[in-house]
Amino acid sequence: MALVGWIDYRTGYEISVFALYTFPIAWIAWSVGIGWGMALGVLAAVSWLWADFADGHKYAHAWIPWERGVMNLLVFAFVAFSFHQFKRNLASRNRKVKQLEGILPVCIACNRISDSNGTWVDLDTFLREHGGAQAEPRLCPDCAGARYR
């Protein structure tokens, strides 16, 4: 973050390096967690303010750099939160896929499935609770041929 702040200072106020601040925030929020992502977002906003004040640019009003700093902080927090949530959603979906990839204990008499608690439930209930899918009753061509000849 110090390197990005230094680059921001060296490029001056006319060239924005705003996107360079977001990459480390997104990476930290993804790999470490939202707390560290938010902390890095605060550090990025402070670094941006430092670069802006150190540059010596005079704004029409004294509150303008502070307003820009707060807006940057909000965007940095949004980036950290978004990447953290995206990772959580991806992990949740991967868990659901892994549940459905494994071997399912199926009763050979009634075709009910044993869930992780040892409770036997019908296929529709199992899919609804564990996979978000619903079974659609159909008759395969072999069974239709054997049944309706």
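Annotations for the structure displayed:
Okay, residues lined up against (1) free of Cβ contacts under 8 Å to residues at least 40 places away in the same chain; (2) within 29 Å of LEU20 (Cα to Cα); (3) aliphatic (A, V, I, L, M); (4) touching a Phe, Trp or Tyr at 6+ places or on another chain (Cβ under 8 Å):
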{"site": "TRP36", "(1), (2), (3), (4)": "yes, yes, no, no"}
{"site": "GLY41", "(1), (2), (3), (4)": "yes, yes, no, yes"}
{"site": "TRP48", "(1), (2), (3), (4)": "no, yes, no, yes"}
{"site": "MET71", "(1), (2), (3), (4)": "yes, yes, yes, no"}
{"site": "PHE76", "(1), (2), (3), (4)": "no, yes, no, yes"}
{"site": "VAL106", "(1), (2), (3), (4)": "yes, no, yes, no"}
{"site": "ALA109", "(1), (2), (3), (4)": "yes, no, yes, no"}
{"site": "LEU123", "(1), (2), (3), (4)": "yes, no, yes, no"}
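- Considering the range 9-19, and only residues there that are in a helix (DSSP H, G or I) and over 28 Å from the mean Cα position of the chain (by Cα), the residue that is surrounded by the fewest Cβ atoms within 10 Å (Cβ to Cβ) turns out to be ARG10.
- Hits in the range 7-26 - residues which are on the phi < 0 side of the Ramachandran plot and touching a residue at least 12 places away in the same chain (Cβ under 8 Å): ILE7, ASP8, TYR9, TYR13, VAL17, PHE18, LEU20, TYR21, THR22, PRO24, ILE25, ALA26
- Segments classed as helices (runs of 4 or more DSSP H), wholly inside the range 42-149, with at least 3 members that are modelled with pLDDT of 85 or more and assigned by TED's automatic domain parsing to the domain that holds TRP27: 64-101
The values are calculated or read from the model by the stated rules, or taken from the named source; none is laboratory data. Predicted model only: the values in this text are computed from it and were never measured. Cβ sites come from the backbone with ideal geometry, for glycine too, and all protein chains shown count toward neighbours.
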